[in-house]
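What follows is a set of notes on a single structure, which appears directly below.
The values are calculated or read from the model by the stated rules, or taken from the named source; none is laboratory data. Just so it is clear, the structure is predicted and the values come from calculations on it, not from any experiment. Using ideal geometry, Cβ is built from the backbone for each residue, glycine included, and neighbour counts are taken over all protein chains shown.
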């Protein structure tokens, strides 16, 4: 969120949770050029660290969410709380292959 008070944002990742498949994964990629187009003074490294925390939080042994059930992690990760990185709205859907769906959504929503 380069300027949260103005509602500016760029898509920088996808978080996918599939309860039946016991799957939670985040895929992130920051485009520094897009970020700096909105905020030339943006702390690119700080934003990258904040985004990487989402990926790490999906792992079993990392960080403060280690040991939490995947559903709890997902709710924690999607709760609005930061002015640097904010999850967008949660959308429901069905998939038999969450890894492939994550890649498809990432290409469609982030690498546009």
Enumeration of residues in the stretch 11-37 that are surrounded by fewer than 16 Cβ atoms within 10 Å (Cβ to Cβ), within 20 Å of residue 112 (Cα to Cα) and more than 11 Å from the chain's Cα centre (by Cα): 31, 32, 33, 34, 36, 37
Could you figure out which of (1) more than 15 Å from the chain's Cα centre (by Cα); (2) free of Cβ contacts under 8 Å to residues at least 60 places away in the same chain; (3) surrounded by fewer than 13 Cβ atoms within 10 Å (Cβ to Cβ) isn't true of residue 112? (2)
It is to be established whether one or more residues within the stretch 63-72 are touching a strand residue (DSSP E or B) at 6+ places or on another chain (Cβ under 6 Å) and either in contact (Cβ under 8 Å) with a residue 12 or more places away in the chain or part of a loop (DSSP other than H, G, I, E, B) (or both). yes
Looking at 93, 99, can you tell me which residue is over 16 Å from the mean Cα position of the chain (by Cα) and more than 14 Å from residue 12 (Cα to Cα)? 93
Candidate set: the stretch 50-62, residues that are outside any helix (DSSP H, G or I) and under 22 Å from residue 106 (Cβ atoms); chosen: the one nearest to the chain's Cα centre (by Cα): 58
Just wondering, is there one or more residues in the stretch 93-105 that are in contact with a helix residue (DSSP H, G or I) (Cβ under 9 Å, 6 or more places away or on another chain), in contact (Cβ under 8 Å) with a residue 12 or more places away in the chain and surrounded by 13 or more Cβ atoms within 10 Å (Cβ to Cβ)? yes
For the stretch 73-85, which residues satisfy the criterion of being loosely packed, with under 14 Cβ neighbours inside 10 Å and either in contact (Cβ under 8 Å) with a residue 24 or more places away in the chain or part of a helix (DSSP H, G or I) (or both)? 75, 76, 82, 83
Among the residues of the stretch 27-49, are any assigned to a strand (DSSP E or B), touching a helix residue (DSSP H, G or I) at 6+ places or on another chain (Cβ under 8 Å) and under 22 Å from residue 94 (Cβ atoms)? yes
Could you say which residue among 88, 67 is modelled with pLDDT under 90, surrounded by fewer than 17 Cβ atoms within 10 Å (Cβ to Cβ) and under 10 Å from the mean Cα position of the chain (by Cα)? 88
